[in-house]
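Undergrad: Attaching a single structure in structure tokens format; questions to follow.
The values are calculated or read from the model by the stated rules, or taken from the named source; none is laboratory data. These numbers come from a predicted model, not from an experiment. Virtual Cβ from ideal backbone geometry, glycine too; neighbours counted across all protein chains shown. Side chains included, ligands, DNA and RNA excluded: accessible areas come from the protein's heavy atoms. Shrake-Rupley method; radii C 1.70, N 1.55, O 1.52, S 1.80 Å.
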Amino acid sequence: KKGLTYANKTNNDTIKGWLNNNLANVYCYHEVNYEEGIKHYKLGIQYSQKFNDISEITFSKMNLVSALFKVGNYAEGIGYLNEVKNYVDSEGDIEAKITLNSLYADYYNQLNQDDKAEHYYLKSLEYCFDNKVEFINSHVSNTYKDISNFYFKKKDFVKAYGFLCKHDSLQDLIYNEERTKEVSLAGQDIEKNEAKRTIEKIEAEKAIQD
């Protein structure tokens, strides 16, 4: 937030847009304050529109939609979602398409329009199966959980359980991968410290000999 205060004193709209979006992410991803997050997403979009960064605008609008849906403001959220649909369908990457279709599914789910909700959930799932990018696995996991909840609401318990198992299995994989990275980084730190101590010992011995 301090960085945004300094950025607002400049004429750099790129930095202002980037900082507003990142601040909004902090408020919303960690469920700190959705209303503050929504405010900063809207500001970030305004700045991004000044230099016409279509990709940044698109992801910011989908993040904004997600936040608006979280506070129950589906009427405003669907407007922003409709604005980005054509671009995401034609130009969006896998992550964008998973997010777009999941949001449409959530929208129709809360309207109890089950056929449309299921259509978008399954469409999102198609892109999940195409995913080969490790960092998107968290989005895929969330999609499995959302679909499981959807089928549970419809009392289709077999499908609900199946997707819940997929969610749990992927969550275990994500956890294990993150744990492996943490252990690897810890090992690298130990090696660096040992190397540093060895160098210091050699330099100390060399100083004594000199």
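Undergrad: Show the residue pairs that are 6+ apart or on different chains and have beta-carbon atoms under 9 Å apart, the first residue being within the stretch 18-41 and under 12 Å from K61 (Cα atoms), the second being of a type in the set (D, E).
TA: Partner pairs satisfying both residue conditions: N21/E56; A24/E36.
Undergrad: Give the residues of the stretch 102-137 that are modelled with pLDDT under 90 and surrounded by 13 or more Cβ atoms within 10 Å (Cβ to Cβ), sorted by residue number.
TA: If the condition is that a residue be modelled with pLDDT under 90 and surrounded by 13 or more Cβ atoms within 10 Å (Cβ to Cβ), then L125, Y127, C128, N131, I136, N137 are the ones that fit.
Undergrad: Of the residues that make up the stretch 158-170, is at least one open to solvent by 40 Å² or more (accessible area, probe 1.4 Å), part of a loop (DSSP other than H, G, I, E, B) and at pLDDT 90 or above?
TA: no
Undergrad: So how many residues does the stretch 29-53 have that are surrounded by fewer than 21 Cβ atoms within 10 Å (Cβ to Cβ), closer than 25 Å to N142 by Cβ and not aromatic (F, W, Y)? Before you say what the answer is, go through the steps one by one.
TA: Filtering the stretch 29-53 for residues surrounded by fewer than 21 Cβ atoms within 10 Å (Cβ to Cβ) gives 29-36, 39, 42-43, 46, 49-53.
Filter once more, so that each one left must be closer than 25 Å to N142 by Cβ: 29-36, 39, 42.
So of that shortlist, the ones also not aromatic (F, W, Y) come out as 30-33, 35-36, 39, 42.
Selection size over the stretch 29-53: 8.
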